[in-house]
Each structure stands twice: as structure tokens, then as C-alpha cells.
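**Student:** My questions will all concern the structure given below.
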Amino acid sequence: MNVAIVKYNAGNIYSVVNALHRLGVEPTLTDSPELLMKADRVIFPGQGEASTAISYLREHQLDQVIKELRQPVLGICIGQQLLCAHSEEGDTECIGIFPVEVKRFNPTRHEDKVPCMGWQQLHHKTSPLFSGISDSPYVYFVHSYYVPLCEWTIATADYIAPYSAAIRKDNFTATQFHPEKSGKVGEQLLKNFLNQ
């Protein structure tokens, strides 16, 4: 299987490469529109700041390429947020696959720390992406911004308020958490994505 990882101005991409290696997959890390278009699966991962990341994508026309992908696509962390319409982070216009606005966590108690960092439970899973995964598994998050609950929500988490831990629309699936850092649960999710 030909798996492409979108190479752009974001961190943490190599942890996804390593996770795929553990599954016996040799991905192509690329910013080539041609290679992305002809891949069997595309993963759009990363950590970073929304406006900086989208600037790189636009400069290389990758925002338009991503919109045109018809194979299964998996966004991870900032990859999920950039697939939305707009982010409060830097007042950033994003790619617009999901017509929702990414919000910043608004702490209301002293113990509510931002960023949200660490293991949180998933709830209300409603997608084959979670086949073979227990009812309320723990997965790893690092983020200050989130996608609100919406019609495309396929899993929720709760930090300060309930929000979308995963979303899906057509061939696009995205997770706020990091499957590549989420142990056996994340490994199963990546397997499910590759096999869908």
C-alpha cells in the first residue's frame, strides 16, 4: 500500500513515520502534489501553530491539493484543525473541509491548564475507525485549541467542556489526539485507517 504523509511546516511528523514503520508500512513523506494525489492513503499530521502552518500549505498549493484528495485522508492534531474552516489561533482561515470553527480552551477554574496535555478518555465512538478498540480508551492529547461538537463528530473527549476528539466527513477523518503516541489503541486506529 502506498501511504503518503503530508510534509509541511509542522512538528512531530516523524513520530507518525515511526508508528507506520512499526506496522510494517514504509510511508512517503512528501510535499509533492503528484505523489499525494496518487497515494492510496494520505496522513496529514503535525504539531504547530495554525497561521504558520497554513501559510506554508498555501505557498506550496498544498491546501488546494488536500481539498482535491478522494482517497482516505487522516488528519492528526493540527492536521485536524487545519481541515476546518477557521481557527481562533491567529484568526486563521483554514482549508475548509469541515465547516466549523476551531476554538481556544477557555479555562474557568485554577486547575484547568492550557494546553491540554496527557491522557484523556474517548467517548461516544461512532465510526469503524474505532473497530477493535474498547469502549472508553485513553489516548494522548497535546493541544490548546479544539473542534466543538458538531454533526461530523465521531468521538468526544471532555476537557473544560466536551469537544470533538475525532471528526469525519466523506473521505476525510481527523483526530485531535495523537494515535502515534497512544500505544495499542492508536496502533489499532492506524490499522483500521489503513484497512478501510
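**Student:** Which of the residues spanning region 131-151 are over 17 Å from CYS77 (Cβ atoms) and either out of contact with any helix residue (DSSP H, G or I) (no Cβ under 9 Å at 6 or more places or on another chain) or surrounded by 14 or more Cβ atoms within 10 Å (Cβ to Cβ) (or both)?
**Tutor:** Correct list: ILE133, ASP135, SER136, PRO137, LEU149, CYS150, GLU151.
**Student:** Does any residue in region 49-75 that is under 12 Å from PHE172 (Cβ atoms) come within less than 7 Å, Cβ to Cβ, of a residue that is open to solvent by 60 Å² or more (accessible area, probe 1.4 Å) and of a type in the set (Asp, Glu) six or more places away or on a different chain, and which pairs are these?
**Tutor:** Partner pairs satisfying both residue conditions: GLN71/ASP40.
One line per residue, one yes/no per condition, for (1) within 21 Å of TYR146 (Cβ to Cβ); (2) within 13 Å of the chain's Cα centre (by Cα):
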{"residue": "GLY24", "(1), (2)": "no, no"}
{"residue": "THR30", "(1), (2)": "no, no"}
{"residue": "ASP40", "(1), (2)": "no, no"}
{"residue": "ARG58", "(1), (2)": "no, no"}
{"residue": "GLY79", "(1), (2)": "yes, yes"}
{"residue": "ILE97", "(1), (2)": "yes, yes"}
{"residue": "VAL114", "(1), (2)": "yes, no"}
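This table checks each residue for (1) small (Gly, Ala, Ser); (2) touching a Pro at 6+ places or on another chain (Cβ under 9 Å); (3) under 28 Å from PRO33 (Cα atoms).
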{"position": "LEU69", "(1), (2), (3)": "no, no, yes"}
{"position": "VAL102", "(1), (2), (3)": "no, yes, yes"}
{"position": "VAL114", "(1), (2), (3)": "no, yes, no"}
{"position": "GLY118", "(1), (2), (3)": "yes, no, no"}
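**Student:** Just name the residue that is surrounded by the most Cβ atoms within 10 Å (Cβ to Cβ) out of those in region 83-112 that are among the hydrophobic types (A, V, I, L, M, F, W, C) and in contact with a helix residue (DSSP H, G or I) (Cβ under 6 Å, 6 or more places away or on another chain).
**Tutor:** Filtering first and then ranking leaves VAL102.
**Student:** Let me confirm something: among PRO128, PRO115, which residue is open to solvent by 50 Å² or more (accessible area, probe 1.4 Å), within 24 Å of SER55 (Cα to Cα) and either out of contact with any Cys (no Cβ under 7 Å at 6 or more places or on another chain) or without any contact (Cβ under 8 Å) to a residue 40 or more places away in the chain (or both)?
**Tutor:** PRO115
The values are calculated or read from the model by the stated rules, or taken from the named source; none is laboratory data. As the structure is a prediction and not an experimental result, all values here were calculated from the model. Counting neighbours? That spans all protein chains shown, and the Cβs are built from the backbone with ideal geometry, glycine included. All accessible areas refer to the heavy atoms of the entire protein, side chains included, with ligands and DNA or RNA removed. Shrake-Rupley method; radii C 1.70, N 1.55, O 1.52, S 1.80 Å.
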